[in-house]
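Notes for the one structure printed next.
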Amino acid sequence: MRLFCLAILLVSTACARGEYTKVEYRVPMRDGVKLYTLVYIPKDASDANRYPILIKRTMFSVAPYGDAYPKVLGPNAYVMRDKYIFAYQDIRGRYMSEGTFVVMRPYVADSISEASDAYDTIAWLVAHVPHNTGRVGAWGTSYAGFLASMAALSHHPALVVASPQAPATDSYFEDFHHNGALTQGYFYGYPYFVGARPGPIVTDGTENDYAFQLTLGPLQHTTGKYYKDNAFWQDIIAHPNYDAYWQSRAVPPDLTGIHSAMLIAGGWFDAENLYGTFATYKALVRQDTAAKVTLVMGPWRHNGWEVPDVDSLKEFQRDVEAPYFRSYLKGDGATDLPAALLFDTGRKQWRRFTSWPASDATTRRYYFHADSSLSPVVPAERRASLSYVSDPAHPVPSRCKGQTIEDGTLNHYMSDDQRCYRSRPDVVTFETAPLTADVTLGGEIWARLNVSTTGTDADYVVKLIDVYPQTDSVNAGFAPLVRGEIMRARFRQSFAEPQPMRPDAITPVAFRLQDVLHTFRPGHRIMVQVQSSWFPAFDRNPQRYVPNIYKADSSDFIKATEHIWVDGVEPSYLEVQVVP
């Protein structure tokens with residue numbers, strides 16, 4: 001039966017129903033609120049044959065409810081094959097659970113939080129679910145990844161392993177914002193974040209999201225037409241800066257004293273929680289030297305590592321994730337995994353590191369030059385810049401072609417071909433000569449710009465691109481995005497206290513792009529593009545400073561001339577880490 005089930009469980013619920021008994025519980029929390037929890041217990045469980053518990057807590061429903069069974073239990077089919085007691089819980093205030101839902105409920109010690117709810121749930125399951133071993137693991141992706149982090153932060157002694165995967169971690173720098181710019185691409189998803197059961201999702205502009213979102217005009221029109229009664233949207237527009245509302249919801253400062261093993265997983269092309277994956281890993285390593293932490297990054301989009309029955313994912317699902325849980329929940333915790341197992345997106349192969357960023361990484365600067373070249377050589381000019389006009393009425397599209405927003409979220413813009421932007425007058429391009437040897441960028445990337453603008457506010461988008469040679473038989477001239485990020489210049493000194501730009505004053509603006517591991521091969525070129533809009537993935541900056549862009553009027557949106565300074569006195573450059 002076991003071999004039969006492994007072969008069919010991806011297309012049928014027969015195995016789950018045949019091998020597991022489904023039980024519904026209303027698990028009481030310390031304040032009396034009861035959380036709806038589904039538990040699937042192996043039918044061969046007994047006093048002599050006990051199983052560990054693997055739990056996923058979610059805001060997106062533990063369906064199927066009633067007598068129905070899912071096709072796969074646990075994170076993937078290989079984990080299901082190993083057999084555990086699988087528990088799924090609707091969190092406080094969602095779907096079948098009682099209580100009030102709060103988005104990214106802040107963690108406060110000794111008060112009600114997702115950590116305390118996780119603690120109470122684990123304690124209750126260990127005490128009441130029959131035939132468990134007393135060992136518990138937790139996993140989840142995205143918002144459920146945040147909840148897995150909170151489970152680890154609960155410090156319950158029965159929790160021996162947790163796997164936050166692409167965990168939502170700090171929504172001012174991921175999901176809903178990037179460096180202060182609104183992720184307008186999530187326009188369609190705000191109904192998910194209110195109420196016990198979300199209302200209908202807006203779909204008006206899914207056929208041409210660029211034109212539709214542009215037609216909406218300033219964000220205040222979005223508020224008035226769609227979200228004036230949406231509590232979460234109202235919170236966003238009431239807190240345009242990184243104030244106590246957002247700071248209290250940031251997870252990394254609290255990640256200390258974690259005793260459970262932590263498997264942090266994510267995808268290089270995750271448009272939603274790439275930030276959270278690295279922020280969680282780095283916080284654990286930095287703040288808790290005793291933490292047992294492993295980082296895995298693959299060539300995946302958001303949730304891409306959860307896709308069933310894909311050969312390229314077996315390396316993670318079968319050879320990493322399943323053995324990791326097996327080792328800690330059923331064994332002695334010994335694994336052969338390194339501190340970081342990362343996929344090189346240029347070489348298209350996995351690499352193992354004893355630390356991340358790599359201990360042997362060196363820092364290099366790639367300077368922008370007036371002749372549009374890019375090189376480690378400091379510019380010789382004493383006064384030079386490249387300029388373009390940024391017009392909010394005609395923002396740079398997030399993608400050359402195709403929908404930016406697909407199925408209510410973002411995806412392909414993270415790795416798209418960037419060739420079409422070369423011809424745009426509102427994008428400046430810098431690139432190296434063809435490389436004569438491999439250059440592997442591995443670790444953090446910083447854009448360090450010197451800019452000036454005729455406006456009083458501006459956005460700056462910096463994109464790192466791999467340009468294939470024209471002689472490539474398959475991808476001649478292909479120029480995929482390796483990493484890109486946006487920065488709202490008003491936050492150049494503080495995300496909590498924005499400041500306008502002084503017109504025509506040369507001003508430093510520095511910001512971090514997310515980590516990479518990418519080898520630029522011989523014959524390829526390293527390219528950097530700079531622009532001031534990236535729409536509709538991100539909202540348009542009016543370019544006239546207003547205290548709150550969510551309340552800007554149409555008259556606030558103005559054209560501005562942007563200068564990127566590229567001389568030896570005020571250089572602009574990309575600061576990267578290079579690994580052997």
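Ranked highest first by average number of other Cβ atoms within 10 Å, how do 73-79, 424-430, 27-33 line up?
Ranked by mean Cβ neighbours within 10 Å, highest first: 73-79, 424-430, 27-33.
Mind giving me the nanometre distance, one decimal, between the label points for residue 100 and residue 319, set 7 Å out from Cα along Cα→Cβ?
5.0
Going by a ≥ b ≥ c, the root eigenvalues of the Cα gyration tensor, does the range 175-221 fall in the rounded group (a/c under 1.5), the prolate group (a/b larger than b/c) or the oblate group?
Note, shape of the range 175-221 comes out oblate.
What order do you get for 326, 26, 382 when you list them from fewest to most C-beta neighbours inside 10 Å?
382, 26, 326
Would the range 395-474 count as rounded, prolate or oblate if I go by the C-alpha gyration tensor, calling it rounded below 1.5 in a/c and otherwise prolate when a/b exceeds b/c, oblate otherwise?
Note, shape of the range 395-474 comes out oblate.
Around residue 540, what is the net charge, scoring Lys/Arg as +1 and Asp/Glu as -1 over all other residues with Cβ under 15 Å from its Cβ?
Cβ neighbours under 15 Å give a net charge of -4.
The range 280-303 to the range 113-181: how many Å between their Cα centroids?
Cα centroid to Cα centroid, the span is 14 Å.
Order these peptides, 47-57, 123-133, by their mean beta-carbon neighbour count within 10 angstrom, highest first.
Top to bottom by mean Cβ count within 10 Å: 47-57, 123-133.
Using θ = phi - 60° and the Karplus form 6.51 cos²θ - 1.76 cosθ + 1.60, what ³J(HN,Hα) does each residue of the range 291-307 get, whole Hz, x for Gly and Pro?
5, 9, 10, 10, 10, 10, 10, x, x, 10, 7, 4, 6, x, 7, 9, 4
DSSP beta bridges in the range 16-125, what fraction antiparallel, as a percent rounded to 5?
70
Pick out, from 240, 267, 256, the residue whose Cα sits farthest towards the positive end of the charge dipole of the range 211-272, with +1 on the Cβ of Lys and Arg and -1 on the Cβ of Asp and Glu.
Of the options given, the answer is 240.
Return, ordered by residue number, the residues of the range 424-451 whose backbone nitrogen is under 20 Å from a label point located 7 Å along Cα→Cβ of residue 354.
Of the residues in the range 424-451, 442-444 have backbone N under 20 Å from the label point off residue 354.
If a/c stays under 1.5 just call it rounded; otherwise compare a/b with b/c (prolate if a/b is bigger, oblate if not). Do that for the range 313-417, with a ≥ b ≥ c from the square roots of the Cα gyration tensor eigenvalues.
oblate
For 110, 539, what ranking results if the residue with the fewest other Cβ atoms within 10 Å of its Cβ goes first?
110, 539
Quick one: if you stick a label point 7 Å off each Cα along the C-beta vector at residue 548 and residue 380, how many nm between them?
About 5.4 nm separates the two model spin labels.
Search the structure for amide H atoms under 5 Å from the amide H of residue 112, placed 1.01 Å from N in the peptide plane, and list their residues when 5 or more places away or on another chain.
Amide H neighbours of residue 112: none.
Dividing the Cα radius of gyration by the Kirkwood radius, what Rg/Rh value follows for the chain?
0.98
Any chance you could run the full-extension gain for residue 133 through residue 207? It's 0.36 nm times the residue separation minus the Cα-Cα distance, nm to one decimal.
Using 0.36 nm per residue and subtracting the Cα-Cα distance, I get 21.5 nm.
Once you keep just the Cα pairs under 8 angstrom separated by 6 or more residues, what percentage relative contact order results for the range 362-578?
38
Taking a cut-off of 21 Å between Cα atoms, list the lysines near residue 401, but don't count ones fewer than 8 places away on the same chain.
By straight Cα distance, residue 401 reaches 463.
Excluding residues fewer than 8 places away in the same chain, name every one of the lysines whose C-alpha is closer than 24 Å to that of residue 22.
Candidates past the 8-residue exclusion: 34, 43, 56, 71, 83, 330.
Using 1/(1 + (r/R0)^6) with R0 = 45 angstrom and r between the beta carbons of residue 362 and residue 26, what's the FRET efficiency to the nearest 0.05?
0.20
How charged is the neighbourhood of residue 323? Take every other residue with its Cβ under 11 Å from the Cβ of residue 323, and add Lys/Arg as +1 and Asp/Glu as -1.
-1
So, in Å, what gap is there between the alpha-carbon centers of the range 396-430 and the range 476-491?
9
Using amide H atoms built in the peptide plane, which far-off residues or other-chain residues are under 5 Å from residue 168 H to H?
For residue 168, the qualifying residues are 142, 143, 145, 146.
Using amide H atoms built 1.01 Å from N in the peptide plane, name the residues 5+ places from residue 538, or on other chains, whose amide H lies under 5 Å from its own.
Under 5 Å from the amide H of residue 538: 184, 185.
Between residue 371 and residue 245, how many nm apart are label points set 7 Å from Cα along the C-beta direction?
5.1
Hey, quick one: spin label on residue 287, modelled 7 Å out along Cα-Cβ, who in the range 132-156 has an amide N within reach, i.e. under 20 Å?
138-156
Test of understanding: ordering 69, 172 by Cβ neighbours within 10 Å, fewest first, what list do you get?
69, 172
Each value in this text was obtained by applying a stated rule to the coordinates, not by laboratory testing. Quick caveat: nothing in here was measured; it's all calculated off a predicted structure. As a convention, Cβ positions derive from the backbone with ideal geometry for all residues, glycine included, and neighbour counts pool all protein chains shown.
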